[in-house]
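Q: This is the structure I want to talk about, given as structure tokens.
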Amino acid sequence: MRMVRSVALRMGTALLVLILLGAAGARAQQDELVQRIYASMEARIQAEYEFNLAGVTRQLLGSGAPLSKIEPFKARMKVLAYNKAALFASCVADGEKDRKPDAEPVPLDRNLMVTTCVEIKIGQLQKFSQMAAYADFFFPDRIASCGESSRVPELERVLRPYGFLLLDEPRLYDFERYNDCLMKH
């Protein structure tokens, strides 16, 4: 009886190890997919960032403010560009992870799972960008504390910021959590 339990225990342990190894392998494949999608978006994200930066610069100069006032806007735009690319890549990778390799590709604009994810995540990012100015003015201490508690370090390890962003401390956020924290802190 003891020998049967011992064998059963070893088999259970071996099965658990195999499950954990399988999960680690699946995670590595998902990380690789996210990285490939993220890398493929760099030129588009850079063009969008430069277009938005030019617009903010024109507005700032048109208002008569000194050009040195652009730095805080530029810093926030870099973080938002990094996060937007990461959110999009994550949504696409999540939408593709369960598809068979030989399955017919679905155009992104017709992939309901991906478009829904992108709409929700980018909507949360846009809400944050609008709330951040308000929070900066009325409760600036919340920006840093809520930001820190809303970071997504596992995604930060997988996706490094694009070279053109020159971020000292790359930060990816869960904007739903960030927004909730800003308003309820």
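Q: Please work out if Q126 is within 15 Å of the chain's Cα centre (by Cα) and either surrounded by fewer than 14 Cβ atoms within 10 Å (Cβ to Cβ) or free of Cβ contacts under 8 Å to residues at least 24 places away in the same chain (or both).
A: Details: within 15 Å of the chain's Cα centre (by Cα): yes; either surrounded by fewer than 14 Cβ atoms within 10 Å (Cβ to Cβ) or free of Cβ contacts under 8 Å to residues at least 24 places away in the same chain (or both): yes.
Against the criterion (within 15 Å of the chain's Cα centre (by Cα) and either surrounded by fewer than 14 Cβ atoms within 10 Å (Cβ to Cβ) or free of Cβ contacts under 8 Å to residues at least 24 places away in the same chain (or both)), Q126 qualifies.
Q: Counting just the residues of the stretch 158-174 that are of a type in the set (F, W, Y) and closer than 11 Å to A86 by Cβ, which one comes out nearest to the chain's Cα centre (by Cα)? Give the steps one after another, and end with the answer.
A: Our first condition is that a residue be of a type in the set (F, W, Y); within the stretch 158-174, this holds for 162, 164, 173.
Filter once more, so that each one left must be closer than 11 Å to A86 by Cβ: 162, 173.
Values: Y162: 13, Y173: 6 Å.
Looking at residues that are of a type in the set (F, W, Y) and closer than 11 Å to A86 by Cβ, I get Y173.
Q: Name the single residue that is farthest from P161 (Cα to Cα) among those in the stretch 42-72 being polar (S, T, N, Q) and assigned to a helix (DSSP H, G or I).
A: We begin by selecting, within the stretch 42-72, every residue polar (S, T, N, Q); these are 46, 52, 57, 59, 63, 68.
Still in the list and also assigned to a helix (DSSP H, G or I): 46, 52, 57, 59, 68.
Values: Q46: 11, N52: 18, T57: 23, Q59: 27, S68: 24 Å.
Looking at the filtered set, the residue picked out is Q59.
Q: Among all residue pairs at least 6 apart or on different chains, which show Cβ distances below 8 Å where the first residue, located in the stretch 38-64, is touching a residue at least 24 places away in the same chain (Cβ under 8 Å) and the second is not in a helix (DSSP H, G or I)?
A: Y38/L159; E42/Y162; I45/Y162; Q46/Y162
Q: So which residues in the stretch 145-165 are within 18 Å of A75 (Cβ to Cβ) and either basic (K, R) or modelled with pLDDT under 90 (or both), if there are any at all?
A: Across the stretch 145-165, the qualifying residues are R151, R160.
The values are calculated or read from the model by the stated rules, or taken from the named source; none is laboratory data. The model shown is predicted, which means the values in this text are computed figures rather than measured ones. As a convention, Cβ positions derive from the backbone with ideal geometry for all residues, glycine included, and neighbour counts pool all protein chains shown.
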